[in-house]
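Below is one structure; the comments refer to it alone.
The values are calculated or read from the model by the stated rules, or taken from the named source; none is laboratory data. No experiment lies behind these values; they were computed from the predicted model shown. For neighbour counting, all protein chains shown are included, and Cβ atoms are generated from backbone atoms with ideal geometry for every residue, glycine included.
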Amino acid sequence: MNIVGNLNTIGYGLSAIGPGIGVGIVFAAFINGVARQPEARGQLQGIAFIGFALSEALAILGLVLAFALQA
Amino acid sequence: MTTTATAPAPGFEAPGVDAFQLPPLFGDVTKPVLQLVLAAIIIVVLFRVATTRMQLVPGKAQFLGESFHGIVRNTVARDMIGPEFLKYVPFLTALFAFVLVNNLFGIIPFLQFPTFSHPGVPYALAGLVWVVFTYVGVKHHGFGGYMRISTWPPDVPWWVRIILTPIEFLSNIILRPVTLSLRLFGNMFAGHLLLVLFILGGEYMLVVADSITLKILSPFAFLMGIVFTFFEAFIQVVQAYIFVMLTASYIGTVLADDH
């Protein structure tokens with residue numbers, strides 16, 4: 001079998017695992033918080049989006065490096 | 001891989017970085033440059049229209065402008081910056097409008113190119129943000145105070161500090177603008193690539209490929225392209241919001257008096 005492609009793609013897939021789990025945890029905590037205390041929604045929303053952005057950064061770095069580091 | 005095509009058709013080449021290398025329109029002016037200027041003009045005109053003849057009971061244009069300003073003031077600046085937030089609302093509003101319009105260019109017909117999918121553009125914008133929050137921090141605390149806030153968390157044993165201070169310095173001063181710009185760039189880049197992939201794939205299946213099965217299946221590729229256009233619209237708004245939200249939080253942390 002002959003597979004043609006770039007190993008960078010696999011690297012990007014690996015780098016997306018952690019952020020995927022992280023983003024899931026962030027929004028799970030956000031939903032939990034709103035369910036327990038609906039009036040705190042506004043405050044929690046900002047924190048949730050910052051947490052989302054920070055954990056997503058790793059996946060984005062992986063994506064950029066997948067294109068930037070050409071073999 | 002087995003191919004179903006009977007006669008040799010040229011293989012499908014997935015779009016890559018080359019899809020973003022647009023030829024200059026005239027002189028050195030490329031499409032992103034034109035869109036940056038266009039975005040600035042659109043924003044100036046819209047806010048002009050919204051703020052002329054301001055009344056106590058707002059008309060439609062004034063209502064839209066005030067809502068936009070209100071979103072930034074109430075959900076971003078007030079929560080993130082603290083008591084002195086009003087001073088920074090104009091900057092944040094302008095930033096939000098600029099990033100939002102430039103992102104939405106990615107799905108507006110005939111433009112269909114998110115300006116920030118060229119890395120140079122978000123680098124410049126994040127550089128501006130870096131200058132602003134560094135200036136605010138240095139002005140508020142003095143240079144030493146700003147460095148202390150950024151790299152010297154209180155109540156930490158000295159042997160942790162050896163590792164922690166370089167990390168804090170790296171993450172708070174150097175990596176902040178890098179991640180800020182790369183996040184925006186990466187999202188716009190990936191989103192545009194996704195749309196290009198679906199549309200070009202559909203076009204290949206319909207026009208170039210010989211297999212009748214692929215021709216019949218090609219509408220699904222276009223359908224996915226349309227679905228992802230809506231998804232992209234959502235991502236573009238969220239990314240503009242996150243960009244301005246993180247800017248506000250950076251300004252907020254350099255203004256904070258102590259941890």
Inset, instruction - Could you check, for the stretch B:70-80, whether at least one of its residues is closer than 27 Å to B:S117 by Cα, touching a Ser or Thr at 6+ places or on another chain (Cβ under 7 Å) and surrounded by 13 or more Cβ atoms within 10 Å (Cβ to Cβ)? - result: yes
Inset, instruction - Might you let me know whether the stretch B:237-257 holds any residue that is closer than 21 Å to A:A57 by Cα, more than 20 Å from the chain's Cα centre (by Cα), within 14 Å of chain A (Cβ to nearest Cβ) and of a type outside the set (G, A, S)? - result: yes
Inset, instruction - Answer with yes or no whether A:A40 is part of a helix (DSSP H, G or I), within 12 Å of another protein chain (Cβ to nearest Cβ) and under 22 Å from B:M188 (Cα atoms). - result: no
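Listed here are the residues, each with its yes/no results for (1) surrounded by fewer than 19 Cβ atoms within 10 Å (Cβ to Cβ); (2) of a type in the set (G, A, S).
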| site | (1), (2) |
| --- | --- |
| B:V156 | yes, no |
| B:R161 | yes, no |
| B:G186 | no, yes |
| B:G202 | no, yes |
| B:I226 | yes, no |
| B:Y241 | no, no |
| B:L255 | no, no |
Legend entry - Residue match in the stretch B:94-104 (condition: over 12 Å from B:I251 (Cα atoms) and either touching a strand residue (DSSP E or B) at 6+ places or on another chain (Cβ under 8 Å) or at pLDDT below 90 (or both)): no
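If we keep just the residues of the stretch B:204-224 that are among the hydroxyl-bearing types (S, T, Y) and surrounded by 13 or more Cβ atoms within 10 Å (Cβ to Cβ), which is farthest from A:I47 (Cα to Cα)? Quick ask: steps written out before the conclusion?
As a first pass, look at the stretch B:204-224 and keep what is among the hydroxyl-bearing types (S, T, Y): B:204, B:211, B:213, B:218.
Filter once more, keeping what is surrounded by 13 or more Cβ atoms within 10 Å (Cβ to Cβ): B:204, B:211, B:218.
Details: B:Y204: 44, B:S211: 51, B:S218: 42 Å.
Only one residue fits best here, namely B:S211.
Answer with yes or no whether B:A77 is part of a helix (DSSP H, G or I) and closer than 24 Å to B:I41 by Cα. It would help to see each step written out before you state the result.
On the way: part of a helix (DSSP H, G or I): yes; closer than 24 Å to B:I41 by Cα: no.
Criteria not met by B:A77.
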Legend entry - the stretch B:108-117: number of residues that are modelled with pLDDT of 90 or more and surrounded by fewer than 21 Cβ atoms within 10 Å (Cβ to Cβ): 1
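Going by the structure shown, is B:Y146 crowded, with 18+ Cβ neighbours inside 10 Å and either of a type outside the set (V, I, T) or closer than 18 Å to B:M80 by Cβ (or both)?
Working: crowded, with 18+ Cβ neighbours inside 10 Å: yes; either of a type outside the set (V, I, T) or closer than 18 Å to B:M80 by Cβ (or both): yes.
For B:Y146, the condition - crowded, with 18+ Cβ neighbours inside 10 Å and either of a type outside the set (V, I, T) or closer than 18 Å to B:M80 by Cβ (or both) - is met.
Of B:V136, B:V89, B:V121, B:V101, which residue is surrounded by fewer than 20 Cβ atoms within 10 Å (Cβ to Cβ) and away from chain A (no Cβ under 14 Å)? Reasoning before the result, please.
On the way: B:V136 fails: surrounded by fewer than 20 Cβ atoms within 10 Å (Cβ to Cβ); B:V121 fails: surrounded by fewer than 20 Cβ atoms within 10 Å (Cβ to Cβ); B:V101 fails: surrounded by fewer than 20 Cβ atoms within 10 Å (Cβ to Cβ).
The conditions single out B:V89.
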Legend entry - Residue check for A:V34: more than 19 Å from B:M245 (Cα to Cα), more than 12 Å from the chain's Cα centre (by Cα) and part of a helix (DSSP H, G or I): yes
Legend entry - Output for the stretch B:182-206, where each listed residue is over 21 Å from B:D18 (Cβ atoms) and more than 10 Å from chain A (Cβ to nearest Cβ): B:L206
Inset, instruction - Could you list, in sequence order, all residues of the stretch B:146-172 that are more than 28 Å from the chain's Cα centre (by Cα) and under 16 Å from B:E84 (Cβ atoms)? - result: none
